[in-house]
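Q: I have a structure here, written as structure tokens, and I will follow up with some questions on it.
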Amino acid sequence: MTTTLARIVGAAALLGLGGLAGWGFGQWQAGHAPSSDGATAAQAAASAGERKVLYWYDPMVPTQRFDKPGRSPFMDMQLVPRYADEGAASSGAPGTPGTLGISPQAQQALGVRLARVERRAVGAAVEAVGTVQLNERDIAVLQARTAGFVERVFGRAPGDVVGAGAPLAELFNPEWMGAQQEYLAVKATGDTTLTQAARQRLLLLGMPAALVERVDASGQPVALQTLTAPVGGVITELMVRQGMALSPGMTLARINGLGTVWLEVALPEALAAAIGPGQPVQARFAALPGVVVDGKVAAVLPEANRDTRTLRLRIELPTPASG
């Protein structure tokens, strides 16, 4: 019994010594053999030897920098080298003068998008309400050149829109009638010099060249002259009535063209210095939803409203007919 017990104790002692020796050998091998982390760090260091490393950092905590490779104390992962040739724009660190650097983490957090830098004029848009008016620079006035009478009036009235050449009234000019008869009589003599002089007299009396050509071609005097609109637009004044007598210089009609219109806007006087003639303007109308009309500032009128403290801004807009 005693001998058997001694053998068991001896075997246990031998097993303990063997386990202790194995553990010591394992520790020695671990101390001398390269670990996976050490190999990774060594590879990073070898790669860093070819390129200049600025510092090492944890991608999850990029603001913390380290002087040598290893494992991150924050996320238990390998540190990543930051190379000098990667540029300051990717790291957010100061770079060459004139450059701006934003870290990838900041770009992702802020939703930053890259775009080409352009030089543009920066200014604030000014919105105002205005009213459309006729362009008073585009006005044609018809006047009587000689004394006469109104024989016929066509169906026109102020506010009507007419095209260029539209008939307005028929006039009888006794002075023109006599001058035409004299011209035809001189032309019948065959004297070229006198004929040219008589023809020139017709033009000096104010006859349109088309009327003189008509008399010359037909050989008959034209008693009635048709008064037509010289330009297309809206009739703002019509002073002719059938049977009325005319005197030289009497205004017969006034026509306002519609090639462009004015947009009168009340502009706050504080913005007067920021607005000038020629600046582009975009106009929108309630009657034309979705349509933008491009125009320009025609003038800033030098008069202020004492009650509203505003200036009158005149904007020139093209009409749809003029494009």
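Every read-out reported here was derived from the displayed coordinates using simple, explicitly stated rules and does not represent laboratory data. Remember, it's a predicted structure, so these values are computed and weren't measured experimentally. Please note: Cβ atoms are built from the backbone with ideal geometry, for glycine as well, and neighbour counts cover all protein chains shown.
Q: Among 307-317, 235-245, what's the highest-first ranking by average C-beta atoms within 10 angstrom per residue?
A: 307-317, 235-245
Q: Okay, moving on. Modelled label-to-label distance, L54 and F66, 7 Å Cα→beta-carbon offset: nm?
A: Roughly 1.8 nm, to one decimal.
Q: Let me ask you something else. Say each of R201 and F285 gets a label point 7 Å from the Cα, pointing the same way as Cα to Cβ; how far apart are those two points in nm?
A: Label-label distance for R201 and F285, simple model: 5.3 nm.
Q: Would you compute, for the Cα atoms of the stretch 168-307, the largest minus smallest coordinate along each principal axis and list the three values in descending order, in whole Å?
A: Each principal axis gives a Cα extent; for the stretch 168-307 these are 75, 35, 35 Å.
Q: Next up: Can you tell me how much longer the chain between D191 and Q105 gets when fully stretched, taken as 0.36 nm per residue apart minus their C-alpha distance, in nm with one decimal?
A: 20.9 nm
Q: Another one. How large is the translational diffusion coefficient of the stretch 259-318 in µm² per second when you combine the Kirkwood radius over alpha carbon pairs with Stokes-Einstein at 37 °C and 0.692 mPa s?
A: Value of D from the Cα-based Kirkwood radius: 269 µm²/s.
Q: Which order do the peptides 252-259, 115-122, 146-153, 215-222 come out in when sorted by mean C-beta neighbours inside 10 angstrom, highest first?
A: 252-259, 146-153, 215-222, 115-122
Q: So if I restrict to the alpha-carbon atoms in the stretch 149-248, what is the Rg, and what is Dmax, the biggest pairwise distance, in Å?
A: 15.8, 50
Q: Work out how much length V231 to V292 would gain on full extension: take 0.36 nm times their residue separation and subtract the Cα-Cα distance, in nm to one decimal.
A: That works out to 19.2 nm of additional length.
Q: If you don't mind, another one. For the stretch 139-257, what's the relative contact order in percent, using C-alpha pairs closer than 8 Å and at least 6 residues apart?
A: Over the stretch 139-257, the number comes to 48 percent.
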